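Here the structure comes first, spelled out in structure tokens, and everything after it is commentary.
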Amino acid sequence: ARPARYGDVAVLYRYGTGLEELEQALRAHGVPYAVTGGARYYTRQEFRDLLTALRAIDDPYDEVSVVGALRSPFFGHSDEDLLAHVAAGGRFDYRSGSPENAPRLGEAFATLRRLHELRRVAAPAQVLAELFEATQAAAIYALKPYGERRVANLLKVQETARALAEARRGTFGGLVEWLRTRAEAEAAE
């Protein structure tokens, strides 16, 4: 008796059968949608960005993760920023101080250095809160398509960190390893 509305439609999908392609098509046509269930959580871009940043915080020698974190929405540096830093003789060792040739990059290095030190004395959930605060990540992801869901996914990691801490497996390195293992298992699946 009335025209169909978006809320009248549900698409049921078997786990792991191309949901990403359907999401891209819906976004391209401006169709609002929500994914329920935990399928593919560990392969979502916002999760991968966060895991990269956490790996960089945990291990300053992991230059791939440091560069990935710098390029992610958490720090927002372009390839040109990073290339200019390297061309000026810079390295991606945030423990060695701030690069003189790139003040904005220096701010990112200082944040990574501070969080690296904080991870030794604070609960992992606190380190995540500090990362979100320092980088304004929640605001950045909120501005992306389906930002509310993306922010919820980031905060889910913070809740996971709290739960692991309560289970007495709450070191920062333990959290990073736990998340990495789940992401690899989901990717392999």
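The values are calculated or read from the model by the stated rules, or taken from the named source; none is laboratory data. Keep in mind the model is a prediction, meaning the values are calculated, not measured. Don't worry about glycine lacking a Cβ; one is built from the backbone with ideal geometry, like all the others, and counts go over all protein chains shown. Surface areas here come from the heavy atoms of the whole protein model, side chains and all, with no ligands, DNA or RNA. Shrake-Rupley method; radii C 1.70, N 1.55, O 1.52, S 1.80 Å.
Of everything in the stretch 132-155 that is of a type in the set (Lys, Arg) and surrounded by 15 or more Cβ atoms within 10 Å (Cβ to Cβ), the residue that is farthest from Asp49 (Cα to Cα) is Arg149.
Kindly evaluate Gly97 against the criterion of being open to solvent by less than 10 Å² (accessible area, probe 1.4 Å) and free of Cβ contacts under 8 Å to residues at least 60 places away in the same chain. Judged against the criteria, Gly97 is not a match.
Please specify each residue of the stretch 24-81 satisfying the condition of being without any contact (Cβ under 8 Å) to a residue 40 or more places away in the chain, part of a helix (DSSP H, G or I) and open to solvent by less than 70 Å² (accessible area, probe 1.4 Å). If the condition is that a residue be without any contact (Cβ under 8 Å) to a residue 40 or more places away in the chain, part of a helix (DSSP H, G or I) and open to solvent by less than 70 Å² (accessible area, probe 1.4 Å), then Ala25, Leu26, Asp49, Thr52, Ser65, Val67, Gly68, Leu70, Asp81 are the ones that fit. Of all residues in the stretch 65-83, at least one satisfies being closer than 15 Å to Ala102 by Cα and aromatic (Phe, Trp, Tyr). Within the stretch 162-185, not a single residue is open to solvent by 20 Å² or more (accessible area, probe 1.4 Å) and under 18 Å from His77 (Cβ atoms).
Just the residues that are open to solvent by 40 Å² or more (accessible area, probe 1.4 Å) and not polar (S, T, N, Q), please, taken from the stretch 119-131. Scanning the stretch 119-131 gives Arg119, Arg120, Val121, Ala123, Glu130.
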